[in-house]
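Report on the following structure.
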Protein chains: 2
Amino acid sequence: MRIALDAMGGDYAPGPIVAGAVQAVAADPALELVLVGDQGRVEPLLAEAGSARDRIEIFHCSQVVAMDESPVEALRRKPDSSIGRCWQLLAEKKVEAMVSAGNTGAVVAGGLLRRRFLKNVRRPGIAAVMPTLRGPCVIVDVGANVAPEPQHLFQYGVMGSIFARTMLQREKPTIGLMNVGEEEKKGHDLAKETHALFNASPLRQQFIGNIEGRDIHKGRCDVVVTDGFVGNVILKVCEGVFEFVMKMVSQEVLGRLEVERSRASEAIESLIGRYDYSEQGGAPLLGIDGICIICHGSSGDRAIKNALSVAAKYAQARLNERIVQELEATLPPTN
Amino acid sequence: MRIALDAMGGDYAPGPIVAGAVQAVAADPALELVLVGDQGRVEPLLAEAGSARDRIEIFHCSQVVAMDESPVEALRRKPDSSIGRCWQLLAEKKVEAMVSAGNTGAVVAGGLLRRRFLKNVRRPGIAAVMPTLRGPCVIVDVGANVAPEPQHLFQYGVMGSIFARTMLQREKPTIGLMNVGEEEKKGHDLAKETHALFNASPLRQQFIGNIEGRDIHKGRCDVVVTDGFVGNVILKVCEGVFEFVMKMVSQEVLGRLEVERSRASEAIESLIGRYDYSEQGGAPLLGIDGICIICHGSSGDRAIKNALSVAAKYAQARLNERIVQELEATLPPTN
């Protein structure tokens, strides 16, 4: 498996990005990496890569899209950016996958500009895995498409369902539509029209209807379908609440303990580590012809290593082939 | 202060609603209540009210809007519903405030049907108080208006700012617009247009621009402005994540302790109690001529008692007078 890794993308790049790359290559003998970035900065970071160095190539590029740049403008103004070059390698089939912790909007925009979508895909969507009381669920979209049409959301259901089956081992994943209440007529037009699309589709057996915000972490469904604006807010609100609650817990619980304070503190640290969103393995942009994994901007080496292994699993699962097959089967006759 | 309380609204009504009413009247000698509901069911619950009974009146009505009914239809089909009668009492100025834990959509719809808005208010919005690392913030709207215009969101900023000043004691509240990134050009058209409205208004000194989901609980601003769809999802996601994290903490932390397990357990219970969303004091529907407090459907007696005291504080703060004054002052010249 050959993957292009955006060495310049992320709040702390290239240090932890390259470190994660070296770890991933050392751990997986079948992995080859193309580090896309400034050769002068990347090369020295590979000094201690040892034998892993043989399977790491550097693709030099001179520009970087900053984390706060306007995506489309930046890509146009910087033809030699690391994100642009990763997309180029993917488009030219020189790599099977690309991984970036850079400007999420620019990664998505790169895909949209090249329009390398799988057959019948209207718009790609980012799939993020979330913990729940009944094991992980997947939520699509968390930020690629902030003003989608009902048909886009329906396709996120199809793709999310395949993701849940192949990556989360759910035999027949249930699909819920994020809304402000359970009743069919709730919400804005987008929600009502999407609800109708699911009910008129072959997915209606898996579709449990509307869900509310509190249902996600209860694990009421395996796939949460929502627009990229709401999904992005959800993802980041979860991050914020988690951080808030763990701080409260640390203060209040540890403050009352004497003898077993360090034991409790270890348990809290272990929980924080397990659910640290910046250490998650990255979220795939579903619907792209090829594999594109988007990582949290504050990704550390472990997150990058995880993302690279997610890309490999994604390829093994032949997710894209299934997406093409199943989208074909769920196309409404009018399309 | 005279308040109409929807005795039939809520998952467990009328039991805990009436119990909360009795406690509130006993605690506040200036409070008079009109319990709106089925006299045959409410009257027996007042048997042990003692001297508080003198300040509790029953307004009999024969119908109830169920929690899962379609709001507008239900209100039209049930002219003698407890929610409809509460609005009538408010409109006729027979009470200063109404409080309901019933179908939120129906409470809001009751206000919209009567169009009892304060001068210049385009659409009312629900204001919910959220805990943050820097003290409480207020988020408007959390569900009254799922498809707002930019001007509506701007007014939520004005009203939320007054709420933060008078109810949360923030001298010059900062206002943030919920979006998917901090940059000015991020998000959908609604977000971009609202951003421009704030920057062109007298509130621009207080406006900190776009915020992201994770900023709420960090306490980055005092007022979070968002549409009712996103706000409702945020509110309920917070509830879900909080419940999820506290369950994880209980399992993992308590599981490792022996000697001080009960101490830690007490601390956890106290935290859960403090942030239990179903025990919060209710959220005002801002922009209404009168006071309307909306409670969580699963409100217990304590939540109802809190909501009644919030209504009283709200009246004392003369929030509505300030809203009228300040909306006038912030009206764009084109309006």
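Quick note: the coordinates plus some simple rules give every number you see, no bench work behind them. None of these values were measured; they are calculated from a predicted model. So basically every Cβ, Gly included, is an ideal-geometry build from the backbone, and we count neighbours across all protein chains shown.
Data table
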{"quantity": "Base-10 log of normalised Debye intensity for the protein assembly as shown (one unit scatterer per alpha-carbon) at q = 0.05, 0.11, 0.12 Å⁻¹", "calculated": "-0.26, -1.14, -1.29"}
{"quantity": "Rg to Rh quotient for region B:1-135, alpha carbon positions, Kirkwood Rh", "calculated": "0.99"}
{"quantity": "Förster-model FRET efficiency, 30 Å R0, B:S51 and B:E92, C-beta, rounded to 0.05", "calculated": "0.60"}
{"quantity": "Distant-in-sequence amide H partners of B:C292 (H built 1.01 Å from N, under 5 Å)", "calculated": "B:M98, B:L285"}
{"quantity": "Residue-by-residue Karplus 3J(HN,Hα) for region B:249-255, coefficients 6.51, -1.76, 1.60, Hz, glycine and proline x", "calculated": "4, 4, 4, 6, 6, 4, x"}
{"quantity": "Antiparallel bridges, percent of DSSP beta bridges restricted to the protein assembly as shown (to nearest 5)", "calculated": "25 percent"}
{"quantity": "HN-Hα J in Hz across region A:141-150 - Karplus 6.51, -1.76, 1.60, θ = phi - 60°, x for Gly and Pro", "calculated": "10, 10, x, 6, 9, 7, 9, x, 9, x"}
{"quantity": "Percentage relative contact order, chain A, counting C-alpha pairs under 8 Å, at least six apart", "calculated": "22 percent"}
{"quantity": "Fewest-first ranking of A:S201, A:S51, using other Cβ atoms within 10 Å as the exposure measure", "calculated": "A:S51, A:S201"}
{"quantity": "Whole-number D in µm²/s for region B:212-300 (Stokes-Einstein; Kirkwood sum over Cα pairs; 37 °C, 0.692 mPa s)", "calculated": "210 µm²/s"}
{"quantity": "Candidates B:A127, B:A307, B:A106: whichever shows maximal mean-square fluctuation once chain B is modelled as a Gaussian network with Cα springs under 10 Å", "calculated": "B:A106"}
{"quantity": "Per-pair calculated FRET efficiency, R0 = 41 Å: B:S250 and A:A26 via Cβ, rounded to 0.05", "calculated": "0.60"}
{"quantity": "Percent of Cα pairs exceeding the 34 Å cut-off, where the set is chain A", "calculated": "27 percent"}
{"quantity": "Dipole axis of region A:122-279 (+1 Lys, Arg; -1 Asp, Glu on Cβ), positive-most option in A:F163, A:V233, A:P124", "calculated": "A:F163"}
{"quantity": "Amide H partners (placed H, <5 Å) of B:S299, local residues excluded", "calculated": "B:D11"}
{"quantity": "From phi via Karplus (6.51, -1.76, 1.60), per-residue ³J(HN,Hα) for region B:5-14 in Hz, x at Gly/Pro", "calculated": "10, 6, 6, 9, x, x, 4, 10, 5, x"}
{"quantity": "Estimated dipole of region B:181-335 in Debye, rounded to 20 [Cβ of Lys and Arg +1, of Asp and Glu -1, Cα centre]", "calculated": "220 debye"}
{"quantity": "Cβ-Cβ FRET estimate between B:E149 and A:S262, R0 fixed at 45 Å, reported to 0.05", "calculated": "0.25"}
{"quantity": "Using distinct alpha-carbon pairs, which all enter the 1/r mean, Kirkwood radius of region B:122-279 in Å", "calculated": "16.6 Å"}
{"quantity": "Copies compared at A:I272 - label distances in nm, ascending, label defined 7 Å from Cα in the Cβ direction", "calculated": "2.3"}
{"quantity": "Dipole magnitude of region B:1-67 about its Cα centre (Cβ charges: Lys, Arg +1; Asp, Glu -1), debye to nearest 20", "calculated": "40 debye"}
{"quantity": "Scattering profile of region A:60-187 at q = 0.11, 0.14, 0.16, 0.21 Å⁻¹ [log10 I(q)/I(0), Debye over alpha-carbon scatterers]", "calculated": "-0.48, -0.74, -0.92, -1.27"}
{"quantity": "Spin-label pair B:D11/B:S270, simplified geometry with 7 Å Cα→Cβ offset, distance in nm", "calculated": "2.6 nm"}
{"quantity": "Paramagnetic reach from B:A317 in region B:140-157 [backbone N under 13 Å; point 7 Å along Cα→Cβ]", "calculated": "B:140"}
{"quantity": "Mean Cα-pair separation over length for region B:108-213, i.e. relative contact order, pairs under 8 Å, 6 or more apart, %", "calculated": "21 percent"}
{"quantity": "Neighbour-limited loop hits for trypsin sites (Lys or Arg not before Pro), region A:70-160 (at most 13 other Cβ within 10 Å; DSSP other than H, G, I, E, B)", "calculated": "A:K93, A:K94, A:R115, A:K119, A:R134"}
{"quantity": "Whole-number percent relative contact order across region A:202-335, with pairs defined as alpha carbons under 8 Å at least 6 apart", "calculated": "16 percent"}
{"quantity": "Amide H contacts of A:V34 (H built 1.01 Å from N, under 5 Å, at least 5 apart or other chain)", "calculated": "A:I3, A:A4, A:L5, A:E57"}
